[in-house]
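**Q** What follows is a single structure, and I will ask about it in a moment.
What follows is calculated from the coordinates using simple rules that are stated; it is not laboratory data. Since the structure is predicted, the reported quantities are computational estimates derived from the model, not experimental observations. For neighbour counting, all protein chains shown are included, and Cβ atoms are generated from backbone atoms with ideal geometry for every residue, glycine included.
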2 protein chains.
Amino acid sequence: MADLYDVLAIGNAIVDVIASHEDSFLEEQQIPKGSMRLISAAEAARLYACMAPGREISGGSAANTTAGIAALGGKAAFVGRVSDDQLGRVFAHDIRAAGVDYRTPAATSGPPTGQCLIIVSPDAQRTMNTFLGSCQEVDEPDVDEAMVKAAKVIYFEGYLWDPPAPIRAIRKAKAIAKASGRKVALTLSDVFCVEGHRADFLAMMKSGAVDIAFANENEAKSLFQTDSIEAAIEGLSTHIPLAIVTRSEKGAIVVNGHGREEVPVTPAARVLDTTGAGDLFAAGFLSGYTQGRSLKDCAIMGTIAAAEVIEHFGARPEADLQARVKAVLG
Amino acid sequence: MADLYDVLAIGNAIVDVIASHEDSFLEEQQIPKGSMRLISAAEAARLYACMAPGREISGGSAANTTAGIAALGGKAAFVGRVSDDQLGRVFAHDIRAAGVDYRTPAATSGPPTGQCLIIVSPDAQRTMNTFLGSCQEVDEPDVDEAMVKAAKVIYFEGYLWDPPAPIRAIRKAKAIAKASGRKVALTLSDVFCVEGHRADFLAMMKSGAVDIAFANENEAKSLFQTDSIEAAIEGLSTHIPLAIVTRSEKGAIVVNGHGREEVPVTPAARVLDTTGAGDLFAAGFLSGYTQGRSLKDCAIMGTIAAAEVIEHFGARPEADLQARVKAVLG
């Protein structure tokens, strides 16, 4: 099978609603700053009614990653369910306009398109409140065998682990990928995902099903229930051929069977909204990886893409990422 | 009747869809750069399919002005029709969250909420393609007599002049305002509005119904079918007690029966998206006017509000306008 795609990702299809608030708003709402939580339709309506004017911008973690891969010149496909409503059409338009192959049919009944109510604080930290809506209905039939077989890397976001249908979709895609010799990549997404699905994530890693894992420092520590970043890295590298731990302003650590690379962050021109930094790091890294670059250069590409996305509101790239990579790596 | 509102505005209730494109896109699409045009649902769908990923941000000219007045500490109300759909709920949420009193019921049938597909060029110029949708259905019953009587200024946007229902709404609001001794303000909105409704606008002005008029240089010239800005200013000041001509980077000219003030622009920290500059100039000016400030200070407030809105994507203020005014005027 020809390599039609560099990366095929399965994830939650989300439109972000981004509003700026002072820290006092989070305190009043009793929402921990920097957290990500799943909320009901009723809580989404209640919280939205209290929020400042918003910007609606397509998001979704793995979807952001595919948009980044496309911006970097790669070929990406995305699988995730929206509803047949205005925000679902916005999501579908935006990801296709970004150059990503997106074919999942919209749900014509059931809940509306998933939304993430994002509070951005004055220090650019984001606090996410996600109403999954129709995201939870992506299922096995949405995973096209030929598309999975045609992708160098199949990428899953940890946020998918919860309702049964997306887990069926992941299981199918994973089985096709492994049978076809394709690489499987996983992002742990959030500490709450790790806490809720630690056993599943570990079992998947120990079975040899995960070729590449992305985690931030806290997710990695949580997975191995340790306070030591070194112990967490050791745990990851024991089970996974290639693991990347992102550490916010401290840069990233890449470990594989042959050793370890550490790269510093790429400085951002300004830091306005940190939403999507991890998603775009993964985009940069996987772009480099599928181009056959050195692991160090992959990580540098990750930091370049992450730096761009925190310079503006919204978790999809706006500037010319290929030019930025070229300026650094030639 | 007590002054419950500084400004009550009637306008098109629009959600902007803002995408960045090189000038070549406008050339391919054969859309004149910097223009504003009305498009059908079919043309909106066709153009949207060609557009880059968007940012959905509440807009609408007079709606932006009311959001600016609220941001400046004033009391504003807005009348305009959305549809009962997701973008309609976004519009209603955002204008209320901005502090504007917005009560117009959403249409439960008919076309969707109005949208403006905005192409922003690298030089920050905006080109607007508006699908009016349910905007055209604002009508007489949406104009609440008590609310009009309670507003110091009733503000109309020229964009409303086209379908019959909004014109009925304007006529009703104008009659109530005049009978109650309230000031009527009008923005000419765009040259295409002036070209289409020159006779109406002139008749309304000559009848003494317009107390305050806002026009940019081209609109003012078009109204009096002259190439001379001085002739246009002379024409406005003959018929209108207070006229303001905005001149982009050349600042603004204010004329009333007693004389003339000219103010330069307030420099923007950066110029990213010029959408809403005129709307926010009107917001700043009317805020000063309803606070009883000098005409020069009103115009300075207009330039301060306009400078802020061109620094970011979207036509509603994001920064602390009151602080910016205080820094200049004390």
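**Q** Please list, or write none, the aspartates and glutamates whose alpha carbon is within less than 12 Å of the alpha carbon of B:Lys75, excluding same-chain residues fewer than 8 places away.
**A** Those aspartates and glutamates meeting the cut-off are B:Asp3, B:Asp6, B:Asp101.
**Q** Let me make sure I get this right: for chain B, a, b and c are the square roots of the gyration tensor eigenvalues over alpha carbons, sorted descending. Under 1.5 in a/c it's rounded, otherwise prolate if a/b > b/c, else oblate. Which is it?
**A** The shape class here is rounded.
**Q** Then there's this: Give the nm distances, rounded to one decimal, from A:Ile167 to the matching residue in every other copy, measuring between label points 7 Å along Cα toward the beta carbon; shortest first.
**A** 6.3
**Q** Within region A:299-330, list the GluC sites (Glu not before Pro) lying in a DSSP loop whose Cβ has at most 16 other Cβ atoms in a 10 Å radius.
**A** Listed in order of number, the matching sites are A:Glu311.
**Q** Then there is this: How many times 2.2 N^0.38 Å is the alpha carbon radius of gyration of the protein assembly as shown? Could the numbers behind the result be given before it?
**A** Details: Rg = 26.7 Å, N = 660, 2.2 N^0.38 = 25.9 Å.
The reported ratio for this selection is 1.03.
**Q** Two-decimal Rg/Rh of region A:210-330 from alpha-carbon positions, Kirkwood Rh?
**A** Dividing the radius of gyration by the Kirkwood radius yields 0.97.
**Q** Simple spin-label model, 7 Å along Cα-to-Cβ: B:Lys296 to B:Leu329 in nm?
**A** 1.3
**Q** For an R0 of 22 angstrom, estimate the FRET efficiency from the Cβ-Cβ distance between B:Lys33 and B:Glu195 and round to the nearest 0.05.
**A** For R0 = 22 Å, the calculated efficiency reads 0.75.
**Q** What are the distances, in nm and sorted shortest first, from the label point of A:Arg260 to the label points of the same position in each other copy, with each label point placed 7 Å from Cα along the Cα-to-Cβ direction?
**A** 7.4
**Q** Related question: Tally Lys/Arg at +1 and Asp/Glu at -1 over every other residue whose Cβ is under 9 Å from the Cβ of B:Gly60; what's the total?
**A** Working: positive: none; negative: B:Asp16, B:Glu157, B:Asp279.
Here the charged neighbours net out to -3.
**Q** Also, I was wondering about something else. Relative to the other copies, what are the label-point distances for A:Leu202, with labels 7 Å from Cα along the C-beta vector, expressed in nm at one decimal and sorted shortest first?
**A** Taking the point 7 Å beyond Cα along Cα→Cβ, the inter-copy spacings are 8.3 nm.
**Q** While we're here: Across region A:74-176, how large is the tail of the calculated P(r) beyond 24 Å, expressed as a percent of all Cα pairs?
**A** It works out to 27 percent of all Cα pairs.
**Q** Here is a follow-up. For A:Asp84 and B:Leu202, FRET efficiency with R0 = 56 Å and r from the beta-carbon atoms, rounded to 0.05?
**A** Values: r = 47 Å, r/R0 = 0.84.
With R0 = 56 Å, the Cβ-Cβ based efficiency is 0.75.
**Q** Further question: If Lys and Arg each add +1 and Asp and Glu each add -1, what is the summed charge of the other residues whose beta carbon sits under 11 Å from the beta carbon of B:Glu262?
**A** Residues near B:Glu262 contribute +3 overall.
**Q** Can you pull out the trypsin sites (Lys or Arg not before Pro) in region A:270-330 whose DSSP state is coil and whose Cβ has at most 11 other Cβ atoms within 10 Å?
**A** Details: sites: A:Arg270, A:Arg293, A:Lys296, A:Arg324, A:Lys326; in loops: A:Arg270, A:Arg293.
Taking region A:270-330 and a limit of 11 other Cβ atoms within 10 Å, the loop trypsin sites (Lys or Arg not before Pro) found are A:Arg270.
**Q** Here is a follow-up. Counting other Cβ atoms within 10 Å, keep those with at most 16, restrict to DSSP loop, and tell me which GluC sites (Glu not before Pro) in region A:20-70 are left.
**A** A:Glu22
**Q** Using a Cα distance threshold of under 17 Å, what count of lysine pairs results for region B:136-253 when pairs must be 8 or more residues apart or interchain?
**A** Taking the Cα cut-off of 17 Å, the pair count is 15.
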